[in-house]
Amino acid sequence: MIARKHRFHGYGSLRYVYQHGRTVRGSMTSLKFAPNTRRTSYRLAVVVSKKVNKSAVVRNRIRRRFYEVVRRHEAEILKPYDMVLTVFSDQMATISAAELEQSVLDQLRQARII
């Protein structure tokens, strides 16, 4: 799990990213991001809809897996960004850790965040 300072608090901050952020789309995920000059570190939210999987256990597992990948590479994040990772497929719960990490890192590189 990422530290509390790297999480969003309140809906207003997410709304800013959705309205003003840029998007990098992958096959099973989407990364929406916006630079945040008011902060010294990044913030991340992982959104997994009930449409992906009805089970809260599975949705939370997907979230934890994404948070762990970003936490391991947080030193590589160049500037303070607000990021929202949206998951579209329940395959993310069963995909191997190496494939998941590669997918997330590819999107972060496309967005020039790392």
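Hey, among Asp82, Asp90, which residue is among the acidic types (Asp, Glu), touching a residue at least 60 places away in the same chain (Cβ under 8 Å) and surrounded by 17 or more Cβ atoms within 10 Å (Cβ to Cβ)? Walk me through it before giving the result.
Working: Asp90 fails: touching a residue at least 60 places away in the same chain (Cβ under 8 Å).
None of the other options fit; the residue is Asp82.
Please tell me if Ala45 is touching a residue at least 40 places away in the same chain (Cβ under 8 Å) and in contact with an Asp or Glu (Cβ under 6 Å, 6 or more places away or on another chain).
Considered against the rule, which asks whether it is touching a residue at least 40 places away in the same chain (Cβ under 8 Å) and in contact with an Asp or Glu (Cβ under 6 Å, 6 or more places away or on another chain), Ala45 comes out as no.
Let me spell it out: the conditions are (1) out of contact with any helix residue (DSSP H, G or I) (no Cβ under 7 Å at 6 or more places or on another chain); (2) among the polar types (S, T, N, Q); (3) surrounded by fewer than 17 Cβ atoms within 10 Å (Cβ to Cβ), and Ser41 meets all of them except one. Which number is the exception?
Going through the list (1) out of contact with any helix residue (DSSP H, G or I) (no Cβ under 7 Å at 6 or more places or on another chain); (2) among the polar types (S, T, N, Q); (3) surrounded by fewer than 17 Cβ atoms within 10 Å (Cβ to Cβ), Ser41 breaks only (1).
FYI, it's all coordinate maths here, none of it is from the lab. Computed from a prediction, not measured in an experiment: that's the story for all the values here. Here the Cβ is made from the backbone with ideal geometry for all residues, glycine too, and neighbour counts use every protein chain on show.
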